[in-house]
Amino acid sequence: MRLFLAVLLVLATASPAWAATVPEILAKVDANLTYDTRETTVTMTVTKGDRVKVYKMHSYGRGQDEGSVEYLEPARDKGTKMYRNASELWLWMPSVEKVQKISGHMLRQSMMGSDLSYEDMMQAQKWQALYDGTLAGEEACGAGKCWKIDLKAKSPDISYPRRVVWVDQATYVPVKQELYALSGMLLKTWDMGNVKDVAGRKYPMSMTISDKVQAGSSTTLTFENVTFSVKVADEVFSARWLER
Amino acid sequence: MSLLLQLAMRNVQRNARRSLLTALMISTGAAFLILGMAWVDGVFKGAMAKGALFVGHVRAVTPAYSAKEQFFPLEENIADTAPVVAALASTPGIAGAYPRIQMGVTVTASEEIGENFGLLVGAPDELYTRWLALDRSLTEGRLAKADDEVVIGLTIADQTGAKLGQEIVVLGQTQDGSMSPAKLTVVGLYDLGSANQNKMMYVTLEKARWLADIPDGATEVVAYVGGDVANELVAAEARAVPALSGLDVKAWNERAPFDSFTGVIGTIQAITAGVVVLITALGVLNTMLMSVLERTAEIGVLRAMGMRLWPTLVMVVMEAFAIAVVGGLIGVAVGGVLAWAWLERHGINLGAAVKGLPSAIPINSIVYGDLQASQLVTAFVLGLAMALVGALLPAIRAAGIQPVEAMRFRR
């Protein structure tokens with residue numbers, strides 16, 4: 001009898017993985033991927049057919065909407081800087097000493113010919129705020145298991161009105177995503193891997209984005225020296241920084 | 001036959017006013033035909049010939065570029081143009097072959113990167129001077145010699161406010177989609193006669209290659225035919241060259257929009273001529289029917305006296321022909337003088353109507369006619385045709401008149 005009651009007690013208090021709710025999962029995903037500040041060096045490899053172009057950038061992020069990027073390589077693009085604030089982006093072109101403002105729908109254009117848009121690259125918004133999610137089950141992914149979650153945008157002006165994400169149950173990192181247009185067309189896939197412990201969070205040091213509209217096109221981001229909650233000068237998050 | 005002619009001439013003079021009006025109708029039709037043909041030929045020869053120079057008599061591109069040409073897809077380029085240029089240049093009939101890059105850019109002369117769009121073209125100097133006569137179209141300055149120099153059209157100059165000696169910034173993309181900006185000094189302004197053609201900017205080939213990041217290549221290789229050789233035949237010969245296999249090689253009139261445009265021009269000419277002939281023929285028909293009706297009794301007498309069917313018909317047709325000869329000669333004279341004095345010398349100002357045309361069809365705002373002797377002959381012959389068509393029914397009617405019934409006919 002005591003054994004039976006003990007087993008009953010264990011079963012009643014155990015929290016199986018599938019019992020996690022979508023808000024809980026998203027909260028942990030956001031905790032991993034969003035930040036107050038972040039600084040990192042990124043290598044972006046853009047592959048289109050048999051052409052491969054490699055860029056190296058130094059990136060700063062603050063909150064969900066602010067980001068600054070400076071291109072280090074190749075030589076042709078060295079010194080190009082970008083600063084994003086909410087719905088506007090400024091691009092500094094050192095060869096002509098001019099600033100190009102990019103706003104509105106232009107933010108969804110390809111950044112430097114990659115499969116990332118300017119918006120994709122320079123923001124880190126919390127999915128909890130943007131999407132309503134439905135748990136669509138569990139699937140095996142890699143060595144473990146993932147939750148499959150169907151996310152629908154709360155607002156019509158979100159870039160990707162629907163995302164289907166596979167969140168690793170061990171790390172709470174979305175190892176695979178499918179990004180859809182309003183029409184239901186699959187636009188991109190976004191895979192995250194090489195997850196490492198960085199300052200108490202799980203962070204993917206590698207991301208691959210594939211354009212499903214244009215065959216043979218993919219972009220890989222490799223992060224180095226990622227640091228969070230760093231002190232970044234306010235000036236870095238301003239248009240003034242571009243011309244320095 | 002001479003009797004029939006005498007009868008026909010007498011009938012023509014019987015109602016001189018009506019005959020004169022009919023002649024006037026035919027002369028108006030003939031004059032319109034001459035003006036129409038001269039103008040269409042002017043458009044065709046002027047614009048098409050000019051367009052052929054701009055797009056190249058023969059052109060080689062990758063098939064993928066050809067499929068997406070309206071977007072100027074830099075990534076669908078010919079990576080190494082040297083063997084393609086050599087192969088085209090050695091094709092019989094080709095007088096010169098050149099790599100060329102065309103890319104869409106935004107242009108600004110002020111502090112702000114603006115929304116003025118233009119087409120930037122990079123090609124060897126010889127293409128500009130020998131074939132496009134760009135140096136002769138300059139209104140100010142000279143052609144670009146250095147990589148940081150540009151020649152711009154008057155439309156771009158107006159839109160941006162750019163002046164000779166001023167720096168402008170062009171912003172394009174590389175073949176990989178990266179932003180590609182450049183500062184260029186305006187060393188020349190040109191006027192090619194149409195707003196669309198004046199939206200282009202010409203730089204050195206090396207500068208265009210740098211902007212597009214296509215080090216040894218180009219988006220197209222254009223070739224020019226020397227002498228009076230059909231471009232399609234030269235293109236067909238070029239396609240047989242092994243070095244050009246895998247590329248899309250076509251003559252200018254085998255490519256859009258010219259392939260449909262040339263057909264449309266021929267159709268327009270034929271329809272216009274047909275409409276003019278028909279309308280004028282209706283007028284002749286009216287005149288001749290009235291003439292036959294008035295002379296029903298007389299024709300009946302002639303038939304009773306032994307004039308057979310065929311001579312009766314010929315008599316009526318001869319009347320119409322006599323009027324047509326006079327009308328045709330007057331029409332040819334008036335139409336020829338108008339085409340020579342007005343269309344060839346002053347032209348017709350199409351103004352804003354040409355703005356929407358693709359820049360590959362460089363129709364100038366003012367289009368001049370091209371009067372040819374063949375047009376005068378055609379108009380005169382068509383004038384006779386108008387008379388024949390208009391006189392046929394009345395002639396058949398006259399030939400069918402029964403003598404006894406005709407003599408009973410009272411007006």
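The table below lists the values:
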quantity	calculated
Dimensions (Å) - chain B, Cα atoms, principal axes, largest first	94, 48, 31
Gyration tensor (alpha-carbon) shape descriptor, region B:1-45, a/c threshold 1.5	oblate
Values of log10 I(q)/I(0), in the order q = 0.15, 0.24, 0.28 Å⁻¹, for region B:311-351 under a Debye, Cα-only, solvent-free model	-0.53, -0.77, -0.86
Residue order, fewest to most beta carbons within 10 Å, for A:Ser87, A:Ser95	A:Ser87, A:Ser95
Pairwise centroid distance, computed over Cα atoms, of region B:188-227 with region B:47-73, Å	12 Å
Using alpha-carbon coordinates, inclination of helix A:22-33 to the longest axis of chain A, degrees	40 degrees
Taking B:Phe117, A:Phe237 and counting other C-beta atoms within 10 Å, the order from fewest to most	B:Phe117, A:Phe237
Three-way shape label, region A:198-242, alpha-carbon gyration tensor, a/c 1.5	oblate
Geometric extent, Cα atoms of region A:85-132 - Rg, Dmax (angstrom)	12.7, 45
Fraction of the pair-distance distribution of region B:1-159 above 25 Å, Cα-Cα pairs, percent	57 percent
DSSP H segments from chain B that extend 30 Å or more along their own axis, Cα-based, with Kyte-Doolittle mean of 0.5 or above	B:16-43, B:258-294, B:309-338, B:373-399
Radius, Kirkwood style, for region B:177-249 when every pair of distinct Cα atoms is counted (Å)	15.9 Å
Among A:Met205, A:Met122, A:Met111: highest mean-square fluctuation, GNM of chain A, C-alpha pairs under 10 Å	A:Met111
GluC sites (Glu not before Pro) restricted to DSSP loop in region B:85-141 with at most 12 other C-beta within 10 Å	B:Glu111, B:Glu112, B:Glu115
Measure of compaction for region A:18-243 (Cα Rg per 2.2 N^0.38 Å)	1.00
Largest-first principal axis extents of the Cα set of region B:1-94 (Å)	80, 31, 19
Gap separating the Cα centres of region A:69-146 and region B:119-146, nearest whole Å	41 Å
Cα gyration tensor category, rounded, prolate or oblate, for region A:141-205 with a/c compared to 1.5	prolate
Cα-based equivalent ellipsoid, region A:101-155: semi-axes from gyration tensor eigenvalues, Å	29, 16, 8
Tail fraction, Cα-Cα pairs, region B:72-213, threshold 19 Å, whole percent	50 percent
Convex hull projection area averaged over all views, the protein assembly as shown, Cα basis, nm²	48.0 nm²
Among B:Val325, B:Val151, B:Val264: highest mean-square fluctuation, GNM of chain B, C-alpha pairs under 10 Å	B:Val264
Only Lys, Arg (+1) and Asp, Glu (-1) charged, at Cβ; chain B dipole about Cα centre in debye	3140 debye
Estimated 222 nm signal from helices in the protein assembly as shown, with DSSP H stretches of n ≥ 4 weighted -39500 (n - 2.57), rounded to 500	-11000 deg cm²/dmol
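Laboratory data are not the source of any read-out in this text; all were calculated from the coordinates shown. Worth saying up front: this structure is predicted, and the values here are computed from it rather than measured. Neighbour counts are summed over all protein chains in view; Cβ atoms, including those assigned to glycine, are modelled from backbone coordinates with ideal geometry.
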